[in-house]
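The structure under discussion appears below in the form of structure tokens.
Throughout, read-outs are computed from the coordinates displayed, never taken from laboratory work. None of the values given here were measured: they were computed from a predicted structure. Note that we place each Cβ from the backbone using ideal geometry, even for glycine, and neighbour counts take in every protein chain shown.
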Amino acid sequence: MRLRLIRNATLAVRVAGRHLLVDPMLDPAGARPPVEDTPNPRRNPLVELPEPPAVVVKGVDAVLVTHLHRDHLDDTAVSLLPSAVPVLCQPPDMGALGERGFADVRPVDDALEWDGVRIVRTAGRHGTGDLGAALGPVSGFVVAAPGEPVLYIAGDTIWCDEVRAALDEHRPDVVVVNASGARFLEGDPIVMTTDDVVAVARHSPAARVVAVHLEAINHCLETRADLHQRLHEENLADRVTVPEDGAEVPLP
């Protein structure tokens, strides 16, 4: 297995000889207005891709979309991806993906097999209380193939019982978490904070934790530097990777 961060939560995963693209956000920097009701009113995405979007989608065998927020599937990605590419998703998003022109949408109720790769859907919480409910359903996914590390992509979730249960059940070798403590002017963070990343690493001491979803969207307030500092203080810098955009992640 090979894992590379493109930008934000967009990942290129090579598994069982297949190329899986996760949560493709491929718009150029500044293409969209800021997320409203947030403390940093800059246009999104905040940074450019590390390579042209046509290069990102070249040779993709399938796409995994954790949920439909625009920092996980945007207009550029929809326009560049072939309509026939298999799109794996949570069941509530099947209709909307079909309406956007994808002809082979495969909802993951609990699990499915794709070209020798097993995909299992997990639960999460995109924030707390009414805000978390308003942001809609989100899912994580476990990606596994014979002889390869087990990869758990937690998706847009805070540290919660559902994530703990997924870690306990699947015992992943690699855990990708969406960090940055993204939030609005009111309410709690809607993805993992530095505290949450530490909690994941403490709960799964045998796993390589990879923190992404940083420095690309205007309401993502915690930076890579913030996370590096916290990991250093917690003596976790050797177990948690915080990749730069475009970087490949060393895997066990």
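Before moving on, here are some points about what is shown:
- Three-way shape label, segment 33-100, alpha-carbon gyration tensor, a/c 1.5: oblate
- Rounded if a/c under 1.5, otherwise prolate or oblate - segment 103-242, Cα gyration tensor axes: oblate
- L221/A29 FRET efficiency (R0 22 Å; Cβ-Cβ; nearest 0.05): 0.75
- Segment E233-D75, extension gain: residue separation times 0.36 nm, minus the distance between their alpha carbons: 52.9 nm
- FRET efficiency, D168 to L251 (Cβ-Cβ, R0 22 Å, nearest 0.05): 0.55
- Rounded to 0.05, the FRET efficiency of the E244 and R118 pair, given R0 = 35 Å and the Cβ-Cβ distance, is 0.70.
- For L3, net neighbour charge (Lys/Arg +1, Asp/Glu -1) across residues whose Cβ lies under 10 Å away: +3
- Mean-position separation - Cα centroids, segment 1-59 and segment 65-143, in angstrom: 15
- The value of relative contact order for the chain, using C-alpha pairs under 8 Å at least six residues apart, is 20 percent.
- In a DSSP loop and with at most 10 other Cβ atoms within 10 Å, there are no trypsin sites (Lys or Arg not before Pro) in segment 1-53.
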